[in-house]
Amino acid sequence: MKAGVITFHSAHNFGASLQTWALQQALLDLGVEPCVINYHTPVIDNLYDPIKETDPRKRAKKIKQLQKKNPKSLLRYERYSQFIKDNFTLFGNYTCYEDLLKETNHLDAYITGSDQVWNSQHIGGYDPAYFLEFAPKDALKISYAASTGRSYVLPIYHDKFRHALESFTSIAVREASAAPAVQALTDHKVNVVADPTFLVPGKKYDAIKQAPDIKEKYIFVYMMENNPQVVAFANSISRALGLPIVQRRQKKFFINEVDNTYTSTPGEWLGWIENAELIITNSFHGTVFSAIFEKPFVSMLHSDTGSRTIDLLKALDLEDHMILDPTTFHDFDQFQIKDKEMLRKRIEELRNHGLSYLKEALHLNETKTKQ
């Protein structure tokens with residue numbers, strides 16, 4: 001069986017890349033021949049391309065300018081782009097929906113997700129590609145852990161959701177809080193499954209993970225949005241423990257920074273997570289990999305999409321790692337995972353549930369997945 005995945009694979013975002021890699025790997029382990037449909041529109045690409053120019057001459061000129069003004073932005077872009085080429089089995093090259101409609105090579109199944117492929121804010125309103133409207137009628141149409149990013153769907157898109165979901169053969173969202181909103185727009189059963197990053201055992205990430213070249217101990221702060229509360233809290237923890245900070249941005253935010261992950265690849269980012277003494281994050285995938293690698297961590301919610309982290313921590317029975325108000329923090333034990341064996345069991349349950357859903361959705365025979 002050949003299955004194509006459409007997601008935010010081209011986003012130079014660690015979580016987006018790793019969920020794509022994990023879903024591709026899980027499909028391989030199920031005996032499916034997967035590919036990542038290379039759909040990358042300007043809405044996504046322009047967020048990460050430091051050049052933002054398609055004309056070859058103008059692009060070459062801007063590259064020379066950036067080499068002088070901000071060479072690290074070019075290095076980050078080049079290294080990340082190479083990771084995508086090296087680690088994803090890309091299918092086609094589509095920069096707009098019209099290009100997808102012209103595609104004549106039919107696959108057996110089409111999968112949309114994971115990540116926030118149904119978040120109108122991220123896809124520029126409504127993009128039929130992420131609702132598989134381009135797929136042939138006789139193919140399986142599946143959503144796996146598709147996320148709306150919120151617990152609701154904006155009313156302006158209700159009719160489009162209803163129309164698109166009619167032709168789906170299987171539907172699964174990532175957040176339990178979003179399931180009722182999607183269920184209200186379809187007669188099909190809406191399942192809830194874990195993010196694809198949970199579909200493979202933690203050891204699988206050794207294939208791409210790289211340890212950082214740093215000798216001293218550090219706190220890893222993965223701050224997706226510039227949040228003054230996160231900065232203030234991380235600074236206070238750094239002072240209290242006498243540990244420096246590694247963070248994701250090129251610009252310095254913290255009082256005692258020793259490095260950043262600005263030019264890191266997703267594999268190197270995993271190494272920064274695994275080797276940290278403590279992790280402070282307001283990122284969904286920062287929380288995911290803190291749990292997978294069983295690291296001491298706390299999550300401070302993203303102001304716009306925090307509901308997905310709440311759902312995740314509830315699913316993992318790790319709600320005590322959530323900090324809603326930094327002024328209430330008073331116990332460093334809140335960082336510690338108190339029952340690692342129970343966490344492993346919960347992650348295994350989520351993995352098995354997700355794999356069972358994929359097997360059923362893909363009409364696969366019940367066979368043991370590769371270990």
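The table for this structure:
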| quantity | calculated |
| --- | --- |
| With 5 Å bins from 0: P(r) over the range 273-329, alpha-carbon pairs, percent | 4, 20, 36, 23, 14, 2 |
| Computed over the range 83-159, the ratio Rg/Rh where both radii use C-alpha atoms and Rh is Kirkwood | 0.98 |
| Surface share of carbon and sulfur [accessible, 1.4 angstrom probe, percent] for the chain | 49 percent |
| Cα-centre dipole for the range 99-165 with unit charges at Cβ (Lys and Arg positive, Asp and Glu negative), debye to 20 | 240 debye |
| Simple label model, 7 Å out from Cα along Cβ direction - residue 257 to residue 78, nm | 2.3 nm |
| Positive-end extreme of charge dipole, the chain - chosen from 32, 358, 90 (charges on Cβ) | 90 |
| q = 0.27, 0.28 Å⁻¹: log10 I(q)/I(0) that the Debye formula gives for the range 220-273, counting C-alpha atoms only | -1.12, -1.18 |
| FRET E, pair residue 95, residue 360, Förster distance 51 Å, beta-carbon r, rounded to 0.05 | 0.90 |
| Where the range 16-122 is the region considered: accessible area per residue in Å², 1.4 Å probe | 51 Å² |
| Gain on full stretching of the segment that runs from residue 336 to residue 189 - 0.36 nm per residue minus C-alpha separation | 49.2 nm |
| Principal axis dimensions, largest first and in whole angstrom, of the range 222-326 by Cα | 34, 30, 25 |
| Gyration tensor (Cα) of the range 3-141, equivalent ellipsoid semi-axes in angstrom | 29, 17, 13 |
| Å³ per residue enclosed by the Cα convex hull of the range 132-251 | 200 Å³ |
| Gap separating the Cα centres of the range 286-347 and the range 156-206, nearest whole Å | 23 Å |
| Rg/Rg_ref, the range 31-95, where Rg_ref = 2.2 N^0.38 Å and atoms are Cα | 1.31 |
| Dipole magnitude (debye, nearest 20) for the chain, charges at Cβ of Lys, Arg, Asp, Glu | 1280 debye |
| With at most 15 neighbouring Cβ atoms within 10 Å, loop trypsin sites (Lys or Arg not before Pro) (DSSP) excluded, longest segment of the chain | 253-337 |
| Å³ per residue enclosed by the Cα convex hull of the range 1-71 | 102 Å³ |
| Sites residue 241 and residue 328, calculated FRET efficiency, Cβ-Cβ separation with R0 25 Å, nearest 0.05 | 0.85 |
| Residue 67-residue 106 pseudo-label distance in nm [points 7 Å out on the Cα-to-Cβ vector] | 4.9 nm |
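The values are calculated or read from the model by the stated rules, or taken from the named source; none is laboratory data. In this text the structure is predicted, and so the values were computed from the model without any measurement. Neighbour counts run over all protein chains shown; Cβ positions are idealised from the backbone, glycine included. Accessible surface areas use protein heavy atoms only, side chains included; no ligands, DNA or RNA. Shrake-Rupley method; radii C 1.70, N 1.55, O 1.52, S 1.80 Å.
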